[in-house]
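One structure is given here, and the rest of the page talks about it.
The values are calculated or read from the model by the stated rules, or taken from the named source; none is laboratory data. Not measured: the values here are computed from a predicted model. No Cβ is skipped: glycine too gets one built from the backbone with ideal geometry, and neighbour counts run over all protein chains shown. Side chains included, ligands, DNA and RNA excluded: accessible areas come from the protein's heavy atoms. Shrake-Rupley method; radii C 1.70, N 1.55, O 1.52, S 1.80 Å.
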Amino acid sequence: MAEKSFKYVIVGGGVAAGYAAREFAKQGVKPGELAIISKEAVAPYERPALSKAYLFPEGKLPGFHVCVGSGGERLLPEWYAEKGISLILSTEIVKADLASKTLVSSAGESFKYQTLLIATGSTVLKLSDFGVKGADSKNIFYLREIDDADQLVEALKAKKNGKAVIVGGGYIGLELSAVLRLNNIEVNMVYPEPWCMPRLFTESIAAFYEGYYKNKGVNIIKGTVAVGFDTHPNGEVKAVKLKDGRVLEADIVVVGVGAIPLTSLFEGQVETDIRGIKTNAFFKTSAPDVYAVGDVATFPMKMYNDVRRVEHVDHSRKSAEQAVKAIYANEQGKSIDEYDYLPYFYSRAFDLSWQFYGDNKGETVLFGDTDPNSATHKFGQYWIKDGKIVGAFLESGTPEENKALAKVAKVQPAATLDQLAQEGIGFASKI
Ligand SMILES: Cc1cc2nc3c(=O)[nH]c(=O)nc-3n(C[C@H](O)[C@H](O)[C@H](O)COP(=O)(O)OP(=O)(O)OC[C@H]3O[C@@H](n4cnc5c(N)ncnc54)[C@H](O)[C@@H]3O)c2cc1C
């Protein structure tokens, strides 16, 4: 089979790839120089939409491609064609030889590059990986790619007003429970931890969401895990067996128990750390002319003087832009600033919407109205370390308040717990 050759190749066609393409275009990439090779059949899109509007009962999204999320131009497939960027879709790379700068697809095609951007993202952890019995039954779903979402949409149509069990109490669990309720599905949500989203939420924050979800008809079962599934003779899931002995009927199961970065193609060829590909502040890896961005990159977090891997969309966009700027600066013998990232996470479900900036370390102080039964649900939390604010969370903030939240986490002003409890978001708005 003929070998194709490009100056720049991005392997992976998700969020980071789309934002990298836009930055390549800004930097003046010439027609024929850049290729994106993706396992998915569609052009890069804003992945977070898959667990939100993509599953709304009223149907699919009108605007789905990058860069909708950052308020930019929509990069429809035509955009790539106009720029002379090759979108090589439905193509999985199964071998990467960084020494000879060659990638090989499952169909046996070879691709040569001068500079490589690794943007392979993450894949889901599956219950079958842990040997859970019946975990390969039909209608047990994971959500990572558009194909997964399309299959779930079909199941929602086939199982109208049916019953679902959501396994996991993280982002996917919370967002999917909400969207399945909106589809009029009966929802049980199961997780082993004492409260939902324990990696970010404190018990007090979680208490609000758990109360709110209960009011919306989501039945939350904590402190236990799914240990097996019963199956109908046609292979479809029938029930979820819990470790505490309970059995929950289910027409649909959605599992969200974590993700792992897709780095195995490059094993032994690049330095790694925290299960990711180690990069510098320009997302350059230890291999010559190879960059890694998005979920797979383990990078220096300048603000906190440590190294981290971040599985969130804001970082995938910004790291992609930083890497492409660095590639061009390097070619032109120029320098650019080091990546200086302020962690930013968000989620939306039902009519709720929260944002978090900074680090969730140290003592906490809650403010606002945390009663899930009240009409307003504006509340927040600060994290204070060594007398300084290091993290800030806000539910139902206005755009101005969310901006203030980001600023307070970046500036890290000194504050006392009493002061913050009294002033709430007003404190951040003054900074
Ligand atoms: C359902 C869902 C909801 C989310 N919601 C939020 C949210 O609300 N807020 C937030 O901050 N983050 C959210 N995230 C996380 C966010 O989407 C990711 O952090 C982000 O997509 C990472 O970007 P990426 O480009 O590194 O990887 P991805 O966007 O995952 O893209 C990786 C791409 O590489 C392709 N690929 C992988 N291996 C190969 C190969 N060998 N050959 C060819 N192609 C390959 C994949 O098919 C995929 O197209 C969500 C994630 C999911 C799955």
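Worth pointing out:
- Only one of the listed residues (A287, A320, A329, A375) is under 30 Å from Q27 (Cβ atoms) and assigned to a loop (DSSP other than H, G, I, E, B). That residue is A287.
- Filtered residue count, segment 107-163, keeping only those that are open to solvent by less than 20 Å² (accessible area, probe 1.4 Å), within 16 Å of the ligand (Cβ to nearest atom) and among the polar types (S, T, N, Q): 1
- Residue in segment 52-65 that is modelled with the highest pLDDT, counting only those that are more than 16 Å from the chain's Cα centre (by Cα) and of a type outside the set (A, V, I, L, M, F, W, C): P57
- A Cβ distance below 7 Å, combined with a sequence gap of six or more or placement on separate chains, defines the contacts here; from segment 321-338, residues that are open to solvent by 20 Å² or more (accessible area, probe 1.4 Å) reach residues that are part of a helix (DSSP H, G or I) and among the hydrophobic types (A, V, I, L, M, F, W, C) in the pairs S335/A329; I336/A326; I336/A329.
- Residues satisfying the stated conditions in segment 106-123, i.e. part of a strand (DSSP E or B) and small (G, A, S): S110, S122
- Within segment 399-431, the set of residues being surrounded by 12 or more Cβ atoms within 10 Å (Cβ to Cβ), without any contact (Cβ under 8 Å) to a residue 60 or more places away in the chain and small (G, A, S) comprises A404, A415, A421, G424, G426, A428, S429.
- Unique residue being at pLDDT 95 or above and closer than 30 Å to G28 by Cα when the list is S137, S122: S122
- The lone exception for S316 - which of (1) near the ligand (Cβ under 10 Å from one of its atoms); (2) farther than 20 Å from D97 by Cβ; (3) without any contact (Cβ under 8 Å) to a residue 60 or more places away in the chain; (4) hydroxyl-bearing (S, T, Y) it fails: (3)
- For segment 260-283, a residue qualifies if it is touching a Gly at 6+ places or on another chain (Cβ under 9 Å) and open to solvent by 20 Å² or more (accessible area, probe 1.4 Å), and the qualifying residues are L262, T263.
- Checked against (1) open to solvent by less than 40 Å² (accessible area, probe 1.4 Å); (2) part of a helix (DSSP H, G or I), K214 meets all criteria but (1).
- Residues satisfying the stated conditions in segment 225-259, i.e. over 14 Å from K133 (Cα atoms), buried (at least 20 other Cβ atoms within 10 Å of the Cβ) and not aliphatic (A, V, I, L, M): D251, G256
- Residues being free of Cβ contacts under 8 Å to residues at least 40 places away in the same chain, crowded, with 23+ Cβ neighbours inside 10 Å and not β-branched (V, I, T) - total across segment 383-396: 2
- With respect to (1) within 16 Å of the ligand (Cβ to nearest atom); (2) more than 20 Å from K138 (Cβ to Cβ); (3) not basic (K, R), the lone exception for L176 is condition (2).
- Scanning segment 80-95 for residues that are surrounded by 18 or more Cβ atoms within 10 Å (Cβ to Cβ) and within 8 Å of the ligand (Cβ to nearest atom) yields T91, I93.
- Taken over segment 132-150, the criterion of being under 21 Å from Y54 (Cα atoms) and without any contact (Cβ under 8 Å) to a residue 24 or more places away in the chain is satisfied by D150 alone.
- Only a single criterion out of (1) more than 25 Å from Y171 (Cβ to Cβ); (2) crowded, with 19+ Cβ neighbours inside 10 Å; (3) within 11 Å of the ligand (Cβ to nearest atom) is not satisfied by K101, namely (3).
- Matching residues in segment 229-261 - criterion: being more than 16 Å from the ligand (Cβ to nearest atom), in contact with a strand residue (DSSP E or B) (Cβ under 8 Å, 6 or more places away or on another chain) and in a loop (DSSP other than H, G, I, E, B): H232, N234, G235, K243, R246, A250, D251
- Of all residues in segment 176-190, those being open to solvent by 40 Å² or more (accessible area, probe 1.4 Å) and not in a strand (DSSP E or B) number 3.
- In the set (1) at pLDDT 95 or above; (2) more than 23 Å from S106 (Cα to Cα); (3) open to solvent by less than 30 Å² (accessible area, probe 1.4 Å); (4) not basic (K, R), the condition left unmet by A49 is number (1).
- Residue that is surrounded by the fewest Cβ atoms within 10 Å (Cβ to Cβ), among those in segment 11-42 that are near the ligand (Cβ under 10 Å from one of its atoms) and in a loop (DSSP other than H, G, I, E, B): A41
- Search result, residues across segment 69-79 that are open to solvent by 50 Å² or more (accessible area, probe 1.4 Å) and either in contact with a Ser or Thr (Cβ under 9 Å, 6 or more places away or on another chain) or assigned to a helix (DSSP H, G or I) (or both): S70, P77, E78
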